[in-house]
Amino acid sequence: MTILITHIKELLQVRDQNIEKVSGSDMNLLPTIKNAYLLLENELISDYGKMEFLPMLEADIVINARGKIVLPAWCDSHTHIVYSGNREGEFVDRINGLSYEEIAKKGGGILNSAKKLQETLKEDLYEQAALRIEEVMSLGTGAVEIKSGYGLTVDAEVKILQVIKKLASNFPIEIKATFLGAHAFPTKFKNNQEKYIDLICDSMIPKIAENNLAEFIDVFCETGYFNTRQTERILKTGKQFGLIPKIHVNQFTSIGGIQIGVKYKALSVDHLEIMKSEDIDALINSETMPVALPSCSYFLSIPYTPARKIIDQGLALALATDYNPGSTPSGNMNFVVATACIKMKMTPEEAINAATINGAYAMNLSKSHGSITKKKKANIIITKKIPSYSYIPYAFGSNLIDQVIINGKII
Ligand code: NIG
Ligand code: FE
């Protein structure tokens with residue numbers, strides 16, 4: 001099947017030569033073609049160019065995009081989409097003055113979600129997550145990473161990863177799985193943390209690797225959760241089983257997690273709300289992608305990742321949602337891009353690069369996703385008629401998406 005899109009007001013993120021990621025001042029460059037066409041053949045991008053050079057060709061579907069902007073679908077490299085139920089009660093507790101940490105201390109937070117998930121049948125869990133996948137696809141996301149981490153037992157962690165696998169085979173969106181058994185200590189291990197680390201390293205990791213249930217391994221490296229020594233042990237074991245690190249660090253405190261991530265060649269280090277200058281320095285000359293999650297900062301009223309300091313040091317930055325029931329009950333990448341511009345002072349060009357090609361890099365997908373490049377996946381967003389691409393973050397509360405195409409299928 002071929003889809004031809006004509007008269008595109010502006011085609012964004014056009015990379016004739018594929019790039020892996022963009023860093024530093026290059027993030028402010030967004031290559032585009034005005035008055036463009038784009039040809040999609042089956043699952044791939046096959047051609048594009050200026051309208052005046054449109055070759056004579058027959059397509060199964062022709063879309064006239066006059067006045068509209070076309071860009072690669074969003075690449076959301078950090079989510080926890082497979083969870084059971086919601087936590088709006090804790091949301092109200094926070095409105096009434098409790099902090100995220102205080103809620104976690106009294107058995108709420110991650111442990112609350114884990115209890116619900118353990119009691120939920122796999123089929124039900126799948127149905128809940130499938131609705132969220134449908135929602136994020138309609139919001140323009142074409143590739144997503146999903147973490148386990150609300151199971152915290154061997155069986156429940158495996159259950160989540162099996163649900164992720166089923167989602168990946170049933171939906172056109174590209175889905176990558178991350179094992180996050182080290183998300184919180186279950187109550188039973190509260191006074192014997194090492195026993196839980198043993199369970200992760202001796203039972204969970206081998207089982208998950210053996211059954212090919214995840215590509216990445218994550219740890220919530222944070223005061224009150226997993227310390228740097230425990231993080232190191234888990235990453236080391238994960239790597240021995242072929243799992244690539246992608247870790248939660250510096251959300252509330254700076255305790256050396258970034259340095260551990262770089263040491264173990266993490267593909268990404270995510271959150272980064274609290275950054276000392278040595279944390280930024282540690283990332284220079286590494287291949288590790290820093291990832292900011294601005295809708296988490298928005299929802300919890302915590303600091304935003306210092307994007308300017310990171311980018312102005314010459315580093316790359318990716319943007320993701322963190323979609324989860326506790327800190328970010330939203331999978332809307334359009335809101336993430338807008339919030340990055342409004343609150344983190346990223347330019348629209350930087351934010352679009354961060355949410356497409358750099359997001360793809362943070363999931364090991366930049367060969368196939370994240371830009372308009374021949375032979376990459378036919379994953380695109382067609383906006384409504386808008387005046388310019390800066391209007392996307394500017395009109396932050398409006399739904400500006402007209403159509404989404406994922407893997408060559410109109411959603
Ligand atoms: O990325 N910080 C750790 N994990 C999630 C939130 C987990 C929860 O509150 O359920 C996050 O923000
Ligand atoms: Fe997260």
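Sequence-distant or interchain residues sharing an amide H contact under 5 Å with Ala73, placed H: which?
For Ala73, whose amide H was placed from the backbone, the distant partners under 5 Å are Asn379, Ile380, Ile381.
Please list, in order, the residues from segment 15-35 whose amide nitrogen is less than 13 Å from a point placed 7 Å along the Cα→Cβ vector of His7.
Correct set: 35.
Which whole-Hz ³J(HN,Hα) couplings does segment 276-291 yield from phi under the Karplus relation 6.51 cos²θ - 1.76 cosθ + 1.60, θ = phi - 60°, glycine and proline marked x?
These are the phi-based 3J(HN,Hα) values: 7, 4, 5, 5, 5, 4, 4, 8, 5, 6, 9, 9, 7, 8, x, 10 Hz.
Could you order Cys341, Cys221 so the one with the most accessible surface comes first? Probe is 1.4 Å.
Cys341, Cys221
Under 10 Å from the Cβ of Pro72, count the other residues' Cβ atoms, weight Lys and Arg +1, Asp and Glu -1, and hand me the total.
Net of charged neighbours comes to +3.
By the scheme Lys and Arg +1, Asp and Glu -1, what is the net charge of all other residues having a beta-carbon under 10 Å from that of Asn324?
So the surrounding residues net to +1.
How big is D for the chain, in µm² s⁻¹ as a whole number, if Stokes-Einstein is applied with the Kirkwood radius of its Cα pairs at 37 °C and 0.692 mPa s?
Using the Kirkwood radius from Cα pairs, D works out to 153 µm²/s.
Past the 31 Å Cα-Cα mark, which pairs from Lys68/Lys377; Lys367/Lys409; Lys176/Lys385; Lys105/Lys246; Lys115/Lys195?
Beyond 31 Å between Cα atoms: Lys176/Lys385.
Measure out, as a whole number of angstrom, how far apart the alpha-carbon centroids of segment 145-204 and segment 336-396 sit.
Their Cα centres are 29 Å away from one another.
Which whole-number value in Å² is the accessible area per residue of the chain, probe 1.4 Å? Each step should come with its number before you reach the end.
Numbers: 16230 Å² over 411 residues.
Normalised by residue count, the accessible surface of the chain is 39 Å².
In nanometres, what is the gap between the two model label sites at Phe189 and Ser398, each 7 Å from Cα along Cα-to-Cβ?
4.9 nm
Among Ser77, Ser390, Ser368, which one shows the highest mean-square fluctuation when the chain is modelled as a Gaussian network with alpha-carbon springs under 10 Å?
Ser390
How far, in degrees from 0 to 90, does helix 333-344 lean away from the longest principal axis of the Cα atoms of the chain, to the nearest 10?
80 degrees
Averaged across orientations, what area in nm² does the convex hull of the alpha carbons in segment 1-121 project?
13.3 nm²
Going 7 Å from the Cα of Glu88 along its beta-carbon direction, which residues of segment 312-333 have the amide nitrogen within less than 17 Å of the resulting point?
324-331
For the chain, give the magnitude of the charge dipole about the Cα centre (Cβ charges: +1 Lys/Arg, -1 Asp/Glu; no others), in debye to the nearest 20.
Rounded to the nearest 20 debye, it is 140 debye.
State the percent of C-alpha pairs, over all pairs in segment 256-411, separated by a distance greater than 23 angstrom. Show your work: numbers first, answer last.
Values: 4667 of 12090 pairs.
Tail of P(r) above 23 Å: 39 percent of Cα pairs.
Ignoring ligands and nucleic acids, what accessible area does Leu12 show with a 1.4 Å probe (Å², nearest 10)?
Result for Leu12: roughly 0 Å² accessible.
Just how far, in whole angstrom, is segment 99-119 from segment 209-287 if you go by their alpha carbon centroids?
22 Å
For the chain, what proportion of DSSP beta bridges, expressed in % and rounded to the nearest 5, is antiparallel?
Counting DSSP beta bridges with both partners in the chain, the antiparallel share is about 45 percent.
Kindly state, to the nearest 0.05, the FRET efficiency for Asn285 paired with Asn28, given R0 = 30 Å and r defined as their beta-carbon distance. Each step should come with its number before you reach the end.
Working: r = 21 Å, r/R0 = 0.70.
Step by step, r from the Cβ atoms, then E = 0.90.
Could you state the angle between the C-alpha long axis of helix 154-170 and the longest principal axis of the C-alpha atoms of the chain, as a value from 0 to 90 degrees rounded to the nearest 10?
Taking Cα atoms only, the helix is inclined about 10 degrees.
Can you work out the FRET efficiency for the pair Tyr391 and Asp60, with r the C-beta to C-beta distance and R0 = 30 Å, to the nearest 0.05? Spell out each step's value before the answer.
Numbers: r = 31 Å, r/R0 = 1.03.
E(calc), rounded to 0.05, equals 0.45.
When only DSSP loop residues count, what GluC sites (Glu not before Pro) in segment 34-103 have their Cβ near at most 11 other Cβ atoms within 10 Å?
Those that pass, being in a loop and sparsely packed, are Glu58.
Quick one: pull the percent of accessible area on the chain belonging to carbon and sulfur, 1.4 Å probe, ligands and nucleic acids left out.
Result for the chain: 51 percent of the exposed heavy-atom area is carbon or sulfur.
The values are calculated or read from the model by the stated rules, or taken from the named source; none is laboratory data. These numbers were taken from a predicted model, which means no experiment stands behind them. All Cβ positions, even for glycine, are placed from backbone atoms using ideal geometry, and neighbour counts span all protein chains on display. Ligands, DNA and RNA are stripped out before the accessible areas are found, and what is left, the full protein with its side chains, is counted by its heavy atoms. Shrake-Rupley method; radii C 1.70, N 1.55, O 1.52, S 1.80 Å.
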